[in-house]
Structures are given as C-alpha cells and as structure tokens.
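Accompanying notes for the structure given below.
The values are calculated or read from the model by the stated rules, or taken from the named source; none is laboratory data. All values derive from a computational prediction rather than experimental measurement. Heads up, the Cβs are rebuilt from the backbone with ideal geometry, glycines too, and the neighbour counts pull from every protein chain shown.
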C-alpha cells in the first residue's frame, strides 16, 4: 500500500459520499474450551484467507437501504449502526457485490457486519461526532496512517465496529482477523455461572494472545459443499446448551498443540510441521462436538472429503467451525493447482465450490471511490 501524508479528518475531505470495503474470509479450526465456568470459554484458533471475501459499496442516500447478496443481513447491520451511533436520518445505500455463502464456516456474518460498520463510520463519522454528540468512536492512529484513499484497521478499530453491530459473542477470530489478517489464537472469555453465552457479549472481548502472518508462498484450498448449511442461530444456541463442558484434558492438549506445535511452525515457516498441527488440532477440537455435528446432513460427506484429501497427500486439512467448509494446506500455488486438478478429475467440482486462497496478512481495506 502506498505511503501518504496523514489526511485531515476534520474538514470536508473527511466526508466522502461513497466507499468500498473488502474483507478476507475466516476459517476456524476449533475452540479451546467451553462450558466450564472455572476457565475461559470460546477461545480458539483460526486463520484469515483472502478468498472468498466480502466486497461492499456504500453510498450516501436519502434512506437506509441494501441490495445484493445477504441484503437483509446488511440492512440489519446498518440499522444497528444507526442505533449505536445515533445516526438519525443518515441514509445509506449498501450494495453487497460479493460475499461467501452464509453459515458455511467462512465467517461471512462477522465480515459483512464489520464491513457495513466500517463504511458507515467513514461516511458519517465527522458530522455525527461534532453535531450530535454521538458515541461513534474515532478511527485510530493506525487507520489514519493508511493512506489518503485506502484505509486499513487496527485491533481497536475492529473492536469498536464489533461493539456497534454485536459481533464477537463467542469466537473473536473474525474480529481480530478483520484487522490485519493472520493466524490468530485467542484465549476466550470469562463467563459467569448460569449466564447465557451471549450476555454482555461485546463488553469484554476474548483476548488475542498471538497473531502470525503466514509465508506468502503458502496457499489454502477452500472447499465448500454446495447447498449445505452449517449450524447457526437458535439451532446453534440449542446445540451448545445440550453439549457437556469440554473436558479439561482436551482443552489442555489443544492449548499445547496451538502454543508448542502450530505457532512455532508458523513463525519459522515450517510447512509440514504447520500442516500436521492444523490436522491434529482440527481433529481434536471436533471431538467434544461430535454428538451434535454428526446429526448435520453433510457430516458424513465432510468426513469422506477429509479422508480423501489425506489419501491425495495433503498433510494438513480441517473442517472450519460447524462446516461444511474445509481447508487444505498447500506449500505453493503449484501444489494447490495440482490438488484442484485432482479434485476435478474425481468429479468433486460438480458438487463443491473450490477456490485457491492466500493466507491473508492485510485484513479488511476501505477505499474512497469518488
């Protein structure tokens, strides 16, 4: 990204009429713990990839409206911003140009929400701060220094945006990943005994304890079964309510894998060690969820896909969240291309969407488009 003089955020130049926001996608390898009030809940490991991401265009308008993919969700997030920041009468046209499948393990809800919030803050921030006494947070110094027309976001930015739209209720990997991407390890949130999982969800976020930017040559093949929808909403809340607490022995081993296997391999750029740790972590993290995940209609197909990837020589693969998205680690673009060719030859592309992605190291970007 081009270096530029810090822009003046106080004058008319701080009030554009249109912006675009692009975000990466989030892959979640699994939680470190849940259900035990003696320890933190919902921490875990995830990684951001540059495809398939969210791409929005937001423009000042006479009223708040949304169109395109996931338009109803985008409109709801825009309304949440209006309430959170006292944007009474602030009209905005939100166009969702591209977005991943919803509820597929790609983190589309959080990225869409944060993208809407980022665009609305950039469009309406100054006048609202000065004239209405709104609680809208100012962009951080890190965001100010991005460039005159392109903007990145730091952790404080992402957390401010997440509070406005109510994200970060369990995992915060997507919130931290919106800010500068990377492989992320978060420790989880302290939960009061008897409290519902999303009570005061965005007051105290799960702390991020590590972020590693993976080697630029590595690739991730993202495979998503068409028409399969992962667990979400009330059904997901009910599933968590039925699950027993994660055994402390499993939490301890997951923490060991994350801190002593996965992170060191990522920092040192050791692909095989990293990939094997991804597989080991993903397999173990899924064990406490088996009684619920095996009921999902695509569960058997996902298991067969993971077995197939192993047979094809992929050292590291894992399901993301509840699925159906699966990630396969590849050491290079050429290796990723060969894997896609193998999947195509086996007829997998007839029933799956497959993309070759980079491991993202930038996070979301906002651009003034006038």
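Observations
- Enumeration of residues in region 320-363 that are under 16 Å from residue 301 (Cβ atoms) and part of a helix (DSSP H, G or I): 343, 348, 349, 350
- Matching residues, region 43-52, being buried (at least 24 other Cβ atoms within 10 Å of the Cβ) and out of contact with any helix residue (DSSP H, G or I) (no Cβ under 6 Å at 6 or more places or on another chain): 43, 44, 47, 49
- Taking helices (runs of 4 or more DSSP H) as the structural unit, those lying wholly within region 246-293 and holding at least 2 residues that are modelled with pLDDT of 95 or more and surrounded by 14 or more Cβ atoms within 10 Å (Cβ to Cβ) correspond to 248-256, 263-268, 271-286.
- Residue 342 loosely packed, with under 14 Cβ neighbours inside 10 Å, farther than 17 Å from residue 46 by Cα and more than 24 Å from the chain's Cα centre (by Cα): no
- Being surrounded by 13 or more Cβ atoms within 10 Å (Cβ to Cβ) and in contact with a strand residue (DSSP E or B) (Cβ under 9 Å, 6 or more places away or on another chain) is a property that does not hold for residue 229.
- Just one of the listed residues (106, 64, 75) is touching a strand residue (DSSP E or B) at 6+ places or on another chain (Cβ under 7 Å), surrounded by fewer than 22 Cβ atoms within 10 Å (Cβ to Cβ) and closer than 28 Å to residue 322 by Cα, and it is 75.
Residues checked against (1) in contact with a helix residue (DSSP H, G or I) (Cβ under 8 Å, 6 or more places away or on another chain); (2) at pLDDT below 90; (3) more than 22 Å from residue 105 (Cα to Cα); (4) buried (at least 21 other Cβ atoms within 10 Å of the Cβ):
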| site | (1), (2), (3), (4) |
| --- | --- |
| 135 | yes, yes, yes, no |
| 139 | yes, yes, yes, yes |
| 146 | no, yes, yes, yes |
| 153 | yes, no, yes, yes |
| 161 | yes, no, no, yes |
| 166 | yes, no, no, no |
| 174 | yes, no, no, yes |
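- Residue 348 meets each of the listed conditions (1) touching a residue at least 24 places away in the same chain (Cβ under 8 Å); (2) surrounded by 14 or more Cβ atoms within 10 Å (Cβ to Cβ); (3) within 30 Å of residue 21 (Cα to Cα) apart from (3).
- Checked against (1) surrounded by 16 or more Cβ atoms within 10 Å (Cβ to Cβ); (2) assigned to a helix (DSSP H, G or I); (3) modelled with pLDDT under 70, residue 119 meets all criteria but (3).
- Residues that are surrounded by fewer than 24 Cβ atoms within 10 Å (Cβ to Cβ) and closer than 21 Å to residue 214 by Cβ, drawn from region 15-29: 22
- Residue tally, condition more than 23 Å from residue 217 (Cβ to Cβ) and out of contact with any helix residue (DSSP H, G or I) (no Cβ under 8 Å at 6 or more places or on another chain), over region 253-287: 5
- Every pair of residues 6+ apart whose Cβ atoms lie under 8 Å, when the first sits in region 60-74 and is on the phi > 0 side of the Ramachandran plot while the second is in a helix (DSSP H, G or I): 68/74; 70/108; 70/112
- Any hit, region 83-97, residues being assigned to a helix (DSSP H, G or I) and touching a strand residue (DSSP E or B) at 6+ places or on another chain (Cβ under 9 Å): no
- Test for residue 3: is it modelled with pLDDT under 95, over 30 Å from residue 188 (Cβ atoms), part of a loop (DSSP other than H, G, I, E, B) and touching a helix residue (DSSP H, G or I) at 6+ places or on another chain (Cβ under 6 Å): no
- Residue 38 at pLDDT below 95, in a loop (DSSP other than H, G, I, E, B) and surrounded by fewer than 15 Cβ atoms within 10 Å (Cβ to Cβ): yes
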